[in-house]
Amino acid sequence: MSNTDSFIDEVTEEVRRDRLFRLFRRYGWIALVVVLAVVGGAAWNEYSKARDRAEAQATGDALRAALGAADPAARAEALAGIAVADGAAAALADFLRADNLIAAGEDPAAAELLAAIAARQDVPPVYRSLAELKSAILSAGTMAPAERLAVLDRLAQPGAPFRAIALEQKALAHLEAGERDAAVAALRAILDSPQATPGLRQRATQMMVTLGEDPRAT
């Protein structure tokens, strides 16, 4: 009886191996494809990370080299020659270039560059707002007051990232246009803004005193 049981077990095991072998021959390629896909995906992910790190390092090295030039004009020219694929990084490089153009006395070129940053859709909205604000500040005295105020009104909306600074620029634009009451209203909005820095509050207070207004009045 024991020999019979053993024989049956051996036959059963052989049948199982035979079935497993047939299943492997029929469906084994699926497991192979899955393994290759997992390994290939992991390898591509590591390659992509290494490539991005190398590109970021190369961009950083190029920026440092450009900023090491002797004067602002040379730095701006060197920055213009750097090709940056990432939108945010390209915007930062352009901001640096605009700052050096301003330092070199090339305000129109800087304003044009800032306008280009503000028009880009592949950069974070906060970068576009900053570019618009810097362009509006740079264009004081050259841009029509009404046009400049239209830009600043948008940037000074509640919740905007640079609201307090835009309000200060609005006050200056209103004064330039001879609109004293509107300028005072913008200055009071600065004092009420939680975004306003101590330095900005101090400037707003000084401007109100100069205009004969009491900053503490409501």
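Worth a mention:
- Residue match in segment 104-115 (condition: more than 24 Å from ALA69 (Cα to Cα) and either out of contact with any strand residue (DSSP E or B) (no Cβ under 6 Å at 6 or more places or on another chain) or among the acidic types (Asp, Glu) (or both)): yes
- Number of the exception - ALA83 against (1) at pLDDT 85 or above; (2) in a loop (DSSP other than H, G, I, E, B); (3) surrounded by fewer than 19 Cβ atoms within 10 Å (Cβ to Cβ): (1)
- Residue match in segment 168-187 (condition: under 30 Å from ALA80 (Cα atoms) and modelled with pLDDT of 90 or more): yes
- Residue within segment 103-111 that is among the acidic types (Asp, Glu), assigned by TED's automatic domain parsing to the domain that holds ALA78 and buried (at least 21 other Cβ atoms within 10 Å of the Cβ) present: no
- Residue satisfying all of: in segment 194-218; among the polar types (S, T, N, Q) and at pLDDT below 90; nearest to ALA156 (Cα to Cα) among these: GLN195
- For segment 172-194, the count of residues that are within 20 Å of ALA115 (Cα to Cα) and assigned to a helix (DSSP H, G or I) is nonzero.
- The single condition among (1) assigned by TED's automatic domain parsing to the domain that holds LEU175; (2) surrounded by fewer than 21 Cβ atoms within 10 Å (Cβ to Cβ) that LEU149 does not satisfy is (2).
- Residue in segment 195-210 that is surrounded by the fewest Cβ atoms within 10 Å (Cβ to Cβ), counting only those that are polar (S, T, N, Q) and not in a helix (DSSP H, G or I): THR197
The values are calculated or read from the model by the stated rules, or taken from the named source; none is laboratory data. It should be emphasised that the depicted structure is a prediction, and the values quoted were computed from it without experimental measurement. Cβ coordinates were reconstructed from backbone atoms using ideal geometry, including for glycine residues, and neighbour counts include every protein chain displayed.
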